[in-house]
Amino acid sequence: MKEFCPGKGARWLADLAVIFAVSCALYMSLSFTRPLASPDEGRYTEIPREMLAHSDMTTPRLNDMPYFYKPPMFYWMQAASLKVFGTNQFSARFANSLMAVFGICASYCAARALYGRRAGIFAAAFLATFLFYYALGQIVTLDMAVAVFISAAMFCFIVALRRSGVWRGTLTVAFFAFCALAVMTKGLIGVLIPAATIFIYALLVGPVAFLRSLKKPDIAWIALGIAVFTAIALPWHLLAAAANPAYPEAEGIFSKKWDGQGFFWYYIIHEHVLRFIDAETSNRAQPFWFFLVLVPVGLIPWVVFLPAVVRGIFADGWRRLRAENPEALFFLVWICFVVLFFSISRSKLAPYIIPVYPAFAVLFGAWLSKNWEGKIAGAQIAKRIFAGLGILGAAAAPVACHVLIAKGKIADPQSAWAMFGALSAYTLISSLALFATIRGGDDKKFFVRAFALSAVFLLFFNPVGKFVQRPSARPLAEEILASNPSASVAVAYDYNYFQDLPVWLGRTVLMIGMPPEEQKFGFMRGRGEYDGKFFPSEKEFKEFAASAKSPVFVALRERDLGRLSGAGVSFDAVLRNLDMVLVRVKK
């Protein structure tokens, strides 16, 4: 087995530098063109903004209340970005996109270490242009960060098995470090998914054979890795638990009631157990087959080559796969376990499945590299289907634009038609270019062109996405700041719909109605401390507005205007952004 050597280090670094630069351009260059999308992008920008405002990096807060939905690792990254670049759309997305780029670089490293330089480059190119991976690299959530940390951990494990000496030990410790970072990003799945994947893999290759592959020095490296894991993951959990103990009236830890419960119950029982097994708690129920459909959709446009990739993996049968290409078996176990784990869960959201795509990228990269010098087996029909996707996209874009305008989802139809029209024209031209390449019979030229055209296609995501997502509350915040920066601001009934409003205001807001479900635990922990932020009824809000010395603005949805006025609150509409309305309460 060839080891990494200094003579090759420069070539690795040169490749990584190019991959990093190109990926950054692809994933960050147009992030400023699309407003923040609520609730997720607003929420995961506001929490780190409040961390900075409170000068408290231990307790995440949302609307001033403790928010222990997830650990703070991603919030810390977001806070650093906001601190350096200020509060804007680029800084809000920078940490998330940087994590996506890191995942691309990690896939290159793993594929190159296992299958060679060409496979590494192809793996990076595939992952960078998988539709769902790119989309999640543009949308601020915790899921990209945890997926990349989990993937980096599993890459370290499988590559470590092929190494010896210091490199093997370093990768072993890195495995534990990345697991700890994943835990600090989204909880126990950060270690559960890698551990379960390795356990199943060991069973499939044979427990005895797997144990024989371990070496005596591994024990010391594993012990060091466990120490590193503990040093990274444990301190914050202990601090948070100590600062938020259960109150005396709390029921046992196996209760579903959160009255009086502390951090341990909420973080472990509510978030890790009840969310997984109880549909009522998760409130995110989907059918079992949800991810079975979503995973291949996320591979667009390269999904058409998936059958050829699978045939290539199993071409020589199960025994030879297990004996001669156990790395591919590991990636298959990785994919299947993640899909099965989240399919069983009662809580299902599309971003949960993102950890499978780095594994797919390495398998796709190894397949294309293996077939690169000859006629690519099983790809001729797939190439035509791939090219045909452009024609389908060209027809779908104007239809989608028309539907969105007809439903009143687009405030500027003229700009929307221009952007959707450009997308339609580009996909049609791309399709024709690919069909011309297919006629030439050059498979290498086809894939190079397909990678380039796919990358440019993805650049339409943000400019087109701003017409598809929910409207932004930023225009409302700008109107308030221009009118009276010290005005009182309330959100009526639907805080989630306006989660980017505090981001652009630079301060938290009041609310007509009680806290949303995900904020109730923090509200309860305050023991009345946060009562002044909420008006359970319109009557109480009306009394507040009448006595307020500064102007009072309310942000609400168009559908709720009658509800507010019907309760006797008089107001003037100041600004509309689609179905978002900003009103000023009359004294």
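Every number here is computed from the coordinates shown, using simple stated rules; none is lab data. For clarity, every value in this text was computed on a predicted model and none was experimentally measured. For neighbour counting, all protein chains shown are included, and Cβ atoms are generated from backbone atoms with ideal geometry for every residue, glycine included.
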Original post:
So how much slack lies between Ser55 and Phe85, counting 0.36 nm per residue of separation and subtracting their Cα-Cα distance, in nm?
Top reply: 9.0 nm
Subject >> Size of charge dipole - segment 466-587 - debye, nearest 20, with Cβ of Lys, Arg +1 and Asp, Glu -1, no other charges >> reply: 140 debye
**OP:** Please get the size of the charge dipole for segment 1-94, origin at its Cα centre, with Cβ charges of +1 on Lys and Arg and -1 on Asp and Glu, quoted in debye to the nearest 20.
**Re:** 300 debye
Original post:
So between Arg527 and Val22, what do we pick up on full extension, going 0.36 nm a residue minus the alpha carbon distance?
Top reply: 176.7 nm
Original post:
Rounded to the nearest 0.05, what FRET efficiency is calculated for Glu249 and His272 with R0 set to 22 Å and r the Cβ-Cβ distance?
Top reply: 0.40
Subject >> Net charge of neighbours whose Cβ lies under 12 Å from the Cβ of Phe534, counting Lys and Arg as +1 and Asp and Glu as -1 >> reply: -2
Subject >> Selection from Phe535, Gly522, Val574 lying farthest towards where the dipole of segment 521-580 points positive, charges on Cβ >> reply: Gly522
Original post:
How far apart, in nm, are the 7 Å Cα→Cβ label points at Asp572 and Ile391?
Top reply: 5.8 nm
Subject >> Helix-only CD estimate at 222 nm, as mean residue ellipticity for the chain, using -39500 (n - 2.57) per DSSP H run (n ≥ 4) >> reply: -20000 deg cm²/dmol
Original post:
In the structure displayed, which of Lys375/Lys444; Lys83/Lys186; Lys257/Lys533; Lys186/Lys466; Lys539/Lys587 lie more than 18 Å apart, Cα to Cα?
Top reply: Lys83/Lys186; Lys257/Lys533; Lys186/Lys466
Subject >> Listed residues Leu423, Trp167, Trp367: farthest to the positive end of the dipole of the chain (Cβ charges) >> reply: Trp367
**OP:** Any chance you could check the Cα centroid distance between segment 300-373 and segment 125-190 for me, in angstrom?
**Re:** 16 Å
Subject >> Label-point separation in nm, Thr230 to Ala242, each point 7 Å along Cα→Cβ >> reply: 1.6 nm
Subject >> Label-reachable residues, segment 377-413, where backbone N falls under 18 Å from a point 7 Å from Leu428's Cα toward its Cβ >> reply: 387-403
Original post:
Say the dipole of the chain comes from +1 at the beta carbon of Lys and Arg and -1 at that of Asp and Glu; which of Leu306, Val583, Pro60 then lies farthest toward its positive end?
Top reply: Leu306
Subject >> Label assignment, Cα extents along the principal axes in Å derived from the structure, set (i) 78, 60, 43; (ii) 79, 53, 52; (iii) 81, 65, 43 >> reply: (i)
**OP:** Find out how many positive minus negative residues lie around Ala110, taking Lys and Arg as positive, Asp and Glu as negative, among other residues whose Cβ is under 11 Å from that of Ala110.
**Re:** +1
